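Okay, structure first, notes after.
Read-outs throughout are calculated quantities, based only on the coordinates presented, and are distinct from any laboratory measurement. Treat the numbers as computed from the prediction; the structure is a model and nothing was measured. Cβ placement follows ideal geometry from the backbone for every residue including glycine, while neighbour counts extend to all protein chains displayed.
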Amino acid sequence: MSLSTRYIREYLELNKTVTLEKIGTLTLPDSITKDEEGNIISAPAFVYDKKAVTTPAFVDYLAEAIQKSHSIASSDLEYFLDQARQLMNIGSNPFIIDGIGYIYADKSGAYQLSTERLEDAKEKEKKHFEDNYSNSPLTSATNYASRRADKRVIGRWILILLIIGVIVYGAYYIPKSSFNFLKDSTPDTTAVADTVAKAKSSPAQAVTKPVRKEGNYHFIFQTYTTKSQAEKRMDQLKSYGNVVSIDSVSVSGSQQYRLYVSMENVKPADTTRVKDSLRSYYGHPVTID
């Protein structure tokens with residue numbers, strides 16, 4: 001199930017502190033104030049800790065709040081925080097805690113807390129870019145390169161349409177009698193027989209394995225010995241919006257089932273960074289296939 005961060009805020013208001021797995025610890029002052037919308041104005045303290053373990057009492061509180069067993073609540077929370085970390089690590093979305101603020105990953109990969117409204121932060125970032133970079137040589141060169149690329153794409157489509165037009169014109173307007181020489185020609189049965197004989201006598205060639213396109217990688221983050229376990233884990237991850245796939249390999253005579261994330265157009269120099277991000281998110285060592 002998809003959890004709401006309001007449970008984190010409610011627990012914080014009651015207990016003043018909570019620790020979230022591999023994220024860190026949030027702490028509120030003893031006396032807090034709220035605005036008219038119920039958002040907490042008092043600035044909370046945040047300590048980043050990549051080895052942090054979720055507060056056990058918060059799991060108990062969550063199980064009671066969502067009326068689920070302790071094990072199910074713990075599992076749901078684990079996947080919820082996993083997804084939040086992955087989105088922060090790849091810079092896609094910050095971890096927004098309702099009524100508190102949002103946690104994001106800085107350039108070094110550490111997590112930081114901001115109590116500023118996310119919309120205001122984005123507006124400031126946009127204004128900063130426009131004021132400082134909109135007229136810079138680098139931005140101008142980038143925009144020019146982008147326009148050049150767009151023109152090349154349009155040119156390719158025009159060429160494809162012209163080729164299709166020539167083919168259609170030929171099919172309708174070239175007389176069919178022009179192709180009679182194909183019907184009148186007599187096949188060289190001797191040559192055909194020789195070819196068949198050579199094909200039978202030559203050994204069968206081994207089927208080659210398709211070569212994966214350069215820059216496409218499979219980042220393998222978990223391996224199972226049974227297909228049912230692997231598919232169960234894959235379904236759980238997909239229910240949280242993760243795009244994962246499964247394959248199987250034979251190792252020492254036994255079949256192993258691997259969960260992986262497929263990525264395209266990855267530069268070799270970036271594979272280490274991607275592996276580290278996925279390892280932080282899934283909590284398992286990541287290998288590349």
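Report the net charge of residues surrounding ASP98, where surrounding means a beta-carbon distance below 9 angstrom and charges are Lys +1, Arg +1, Asp -1, Glu -1. Before the final figure, lay out the partial values.
Numbers: positive: ARG6, ARG9; negative: none.
Around ASP98, the surrounding residues sum to +2.
Rounded to the nearest 0.05, what FRET efficiency do GLU10 and ASP106 give with R0 = 22 Å and r taken as the Cβ-Cβ distance? Could you check?
My answer for the efficiency is 0.20.
With a sphere of radius 12 Å drawn around the Cβ of LEU62, what net charge do the other residues whose Cβ falls strictly inside it have (Lys, Arg +1; Asp, Glu -1)?
So the surrounding residues net to -3.
Order by neighbour count: GLU37, GLU10, fewest other Cβ atoms within 10 Å first, most last.
Fewest-to-most ranking of GLU37, GLU10: GLU37, GLU10.
Add +1 for every Lys or Arg and -1 for every Asp or Glu among the other residues with Cβ under 14 Å from the Cβ of ILE72, and state the total.
Here the charged neighbours net out to -3.
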